[in-house]
Amino acid sequence: MREFKRILHVEDDPSIQAVAKVALEAVGGFEVLSCSSGTEALEKVQAFDPDFILLDVMMPGMDGPQTLAELGELIDIRQIPVAFMTAKVQPAEVEHYRSLGARDVITKPFDPMQLATQVRDIWNLAHA
Amino acid sequence: MSPFSDQPTPSQNRRTLGRTLSWGLSLGLLLLLGVGVELLLQQYHLRQHETIQQRLTASAGEVRAVLLSELSSTLHLATGLASYITAKQGQLDEAELQPWLQGLLRQGRYIRNIGLAPDNRISYIYPLAGNEAALGLYYPDMVKQWPAVQRIIANRTPMLDGPLRLVQGGNGLIYRVPVFLDDQRYWGMISTVIDYDQLYALVQQVARQRDLSIQLNRHDDETAADLLTLNLDSESPSVSLPVRFAGARWRLEASERVADELPLGWLRLLGWSLALAVAGLIGLTLHAQNRQAALLLALNRSQRQFHQAFEMAPQGLALLDLEGRLLAVNQTLCLLLQRSPQSLLGQPLSRFSDDPLSARLDGDLAELGGEQGRTWQLRLLDAQGESIDVELSAAALSADQSTQGSWIMHIQDIRESKRLQRLQSEFVSTVSHELRTPLTAISGPLELINAGALGEVPESLRQMLQIAQHNSQRLAMLINDLLDIGKLEAGKIVFDLQPQALQPLLDQALSSNQAYAAEYAVNLRQIGVCEDWLNVDGLRLQQVLSNLLSNAAKFSPRGSDVELYTERLGAQLRLSVRDRGPGIPTAFQSRIFQKFAQADASDTRQKGGTGLGLAISKELIERMHGCIGFDSQEGQGTTFWFELPLHPTEAQA
């Protein structure tokens with residue numbers, strides 16, 4: 001089983017990007033690459049080789065689900081779990097995201113002290 | 001089809017005319033009845049006189065008969081004496097005559113004396129005592145009597161004369177019988193003097209027995225008709241009867257001793273009183289009818305007004321019968337549905353809806369007891385099939401009214417208000433969402449810093465950073481609540497109702513709120529254990545429990561307990577959260593479930609909270625088919641409770 005070290009975070013809001021980066025690095029001890037758009041993520045994903053991908057759903061240009069679909073072409077998302085971050089967490093919506101290939105959904109706004117734990121739980125479940 | 005009807009407008013003049021007519025009519029009636037009374041009285045008067053006349057005539061006739069019979073029984077004795085003298089050829093034997101005359105006198109009660117006058121000279125009188133003066137009288141010498149005596153002799157017929165004053169005193173009747181012998185030679189006269197006073201006394205006595213007062217008068221006028229005459233016009237009615245006997249002509253005047261008083265005055269008074277009463281009653285009846293007619297007209301006018309109000313109301317209005325069929329619809333409703341009244345009447349409202357809720361409408365109407373109204377929101381279809389969101393309010397018309405409709409229903413087009421509501425919700429949702437992102441960017445770093453994730457925070461900054469974090473959390477809570485209520489109102493929250501055991505949900509609610517309660521030095525605890533199952537959305541139930549528990553903790557005195565307990569009420573389970581706080585001020589109780597409701601504006605800052613928690617809780621519980629409420633007394637603490645249906649298998653157990 002590979003070590004859980006690198007997380008690719010795709011988020012258009014630079015503040016949220018920064019908070020998540022600190023939360024995952026300072027609290028969780030991960031290595032985080034922040035991308036500001038789906039396009040940037042597609043460009044960098046193979047070079048970074050992440051163990052986990054966090055995708056914001058609502059983004060200008062390419063949105064979360066679209067980015068996920070494109071990522072599926074480049075990497076094996078069964079090995080590299082993807083989680084959406086969104087404010088829309090109605091049960092039906094969660095089901096929809098799962099059907100797209102996401103492992104889980106992390107509710108926005110997130111608790112920065114809990115974010116690392118949440119991510120680790122999803123990763124563990126995916127590799128159980 | 002309309003329950004109202006058109007009538008001409010009444011005029012004030014017509015009312016006045018009606019009143020005058022009714023009183024005029026009754027006055028006329030009074031006069032008519034008065035005339036009738038007078039006619040009746042006259043008839044009665046005549047009848048009365050007829051009766052009196054008959055009675056008087058009969059009684060007077062009886063009196064006359066007694067008089068005549070007494071006279072004839074007395075005077076035929078004198079006739080017998082005449083026959084005796086004739087038989088004796090005028091040769092009188094004193095010895096033989098004496099007992100004869102004695103017998104005569106005994107039999108004839110009223111005979112005062114009997115005198116015999118052969119050749120017109122009174123030569124014999126019996127009894128002689130007291131009558132001596134008459135002895136030896138010669139008729140041709142008696143100037144007064146001689147013409148009468150002459151007539152008797154000429155007519156050869158006995159005659160009665162009198163009453164006249166007697167030489168001997170008193171009143172008498174004289175009966176003279178001429179005696180002729182067998183050879184037709186005139187012998188002389190037998191003169192019988194009758195005591196008139198005695199006879200008259202007897203007649204008077206007989207009359208008195210018959211309640212008559214009588215008078216016997218001579219009536220010598222030969223030409224006067226011997227007819228009964230009546231005198232009814234004098235004060236007491238009387239009759240005059242002819243009495244004829246042996247040439248004597250009298251009249252018997254008789255009248256009633258006690259005049260029969262005709263109570264005409266009283267009868268007239270009674271009659272007129274009755275007439276007045278009848279006319280008055282009829283007048284009153286007419287007056288009342290007139291008034292009633294006026295009232296009816298007024299009622300009609302008010303009905304017309306109501307009809308117009310119903311027709312012209314700017315809101316859709318309908319009358320429905322007990323089965324929910326339309327009995328009357330107004331213009332606005334027809335316009336709203338773009339249908340003619342004819343196509344609507346007689347149909348249930350659900351016929352014009354594709355809303356599944358409409359099927360329940362009829363049942364709801366039947367259930368609706370009457371007093372309180374009810375409202376429904378429903379989607380109706382117009383003639384083009386376009387859907388119209390409406391709000392229906394119905395109220396029962398009381399059963400004793402004779403109106404056909406059992407329900408009055410108000411139908412309001414709420415498309416515009418729904419659209420506004422939706423826009424508002426979308427706005428709130430968008431704004432909240434947009435607020436949340438930068439807020440996360442504020443609260444996230446503060447939390448990381450305060451948690452020490454970025455290293456030791458200098459003491460001088462710590463307090464300020466904590467205040468900033470605390471308030472950013474409050475802002476987040478407010479935004480969450482706003483989003484929730486917005487979604488609830490927009491109907492965007494889908495409930496995931498699952499049968500589940502309640503106890504784990506309670507445990508979770510208690511543990512997740514324990515830390516918050518600890519800030520107020522309050523302990524949350526459950527009394528007893530719940531083994532029941534509910535059909536609920538676990539997350540939403542948690543949200544409600546958190547609201548109630550955190551509220552209770554906030555308002556509890558330090559060191560006290562907040563108690564959570566459950567109880568079964570039929571097919572419902574009631575969950576209660578009891579605190580020992582100050583209670584809810586009475587004035588605030590009615591507003592407590594309203595949005596942004598807080599007893600005291602200063603509470604917001606003092607106690608924290610958005611003022612949306614209870615409004616959200618109420619919505620959530622009601623969406624899960626439950627109800628929410630509270631019991632509170634100021635100073636005695638508060639118990640908030642909600643009831644949810646037990647899971648069916650549970651409820652049966």
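Results, tabulated for the structure shown:
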| quantity | calculated |
| --- | --- |
| Whichever residue in region A:3-17 is out of contact with any helix residue (DSSP H, G or I) (no Cβ under 8 Å at 6 or more places or on another chain) and within 11 Å of chain B (Cβ to nearest Cβ) and, among such residues, is surrounded by the fewest Cβ atoms within 10 Å (Cβ to Cβ) | A:14 |
| Those residues of region A:27-39 which are part of a helix (DSSP H, G or I), buried (at least 18 other Cβ atoms within 10 Å of the Cβ) and without any contact (Cβ under 8 Å) to a residue 60 or more places away in the chain, in sequence order | A:38 |
| Residue that is farthest from the other protein chains (Cβ to nearest Cβ) [pool: residues in region B:491-513 that are free of Cβ contacts under 8 Å to residues at least 12 places away in the same chain and not in a helix (DSSP H, G or I)] | B:491 |
| Search result, residues across region B:67-79 that are touching a helix residue (DSSP H, G or I) at 6+ places or on another chain (Cβ under 9 Å) and crowded, with 16+ Cβ neighbours inside 10 Å | B:67, B:70, B:71, B:74, B:77, B:78 |
| Selection from region A:80-106 of residues that are within 14 Å of chain B (Cβ to nearest Cβ) and not β-branched (Val, Ile, Thr) | A:85, A:87, A:88, A:90, A:91, A:92, A:93, A:95, A:96 |
| Residue in region B:414-427 that is within 11 Å of another protein chain (Cβ to nearest Cβ) and at pLDDT 85 or above present | no |
| Any hit, region A:48-61, residues being in a helix (DSSP H, G or I) and small (Gly, Ala, Ser) | no |
| Single residue of B:109, B:64 found to be within 30 Å of residue B:209 (Cβ to Cβ) and modelled with pLDDT of 80 or more | B:64 |
| Which numbered condition residue A:50 fails, given (1) farther than 21 Å from residue A:111 by Cβ; (2) within 14 Å of another protein chain (Cβ to nearest Cβ); (3) not hydrophobic (A, V, I, L, M, F, W, C) | (2) |
| Matching residues, region B:283-338, being among the aromatic types (Phe, Trp, Tyr) and either at positive phi or in a loop (DSSP other than H, G, I, E, B) (or both) | none |
| Breaking point among (1) surrounded by fewer than 17 Cβ atoms within 10 Å (Cβ to Cβ); (2) part of a helix (DSSP H, G or I); (3) in contact (Cβ under 8 Å) with a residue 60 or more places away in the chain, for residue B:89 | (2) |
| Pair list, Cβ < 6 Å and 6+ apart or interchain, from region B:145-161 residues that are closer than 15 Å to residue B:248 by Cα to residues that are in a helix (DSSP H, G or I) and of a type outside the set (S, T, N, Q) | B:149/B:139; B:159/B:152; B:161/B:148 |
| Scan of region A:107-128 for residues that are more than 14 Å from chain B (Cβ to nearest Cβ), surrounded by 14 or more Cβ atoms within 10 Å (Cβ to Cβ) and not in a helix (DSSP H, G or I), ordered by number | none |
| Only listed residue being at pLDDT below 90 and at negative phi, chosen from A:92, A:20, A:47 | A:92 |
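The values are calculated or read from the model by the stated rules, or taken from the named source; none is laboratory data. Owing to the predicted nature of the structure, the values given are computational and were not obtained by experimental measurement. Quick reminder, even Gly has a Cβ in these numbers, built from the backbone with ideal geometry, and neighbours come from all protein chains shown.
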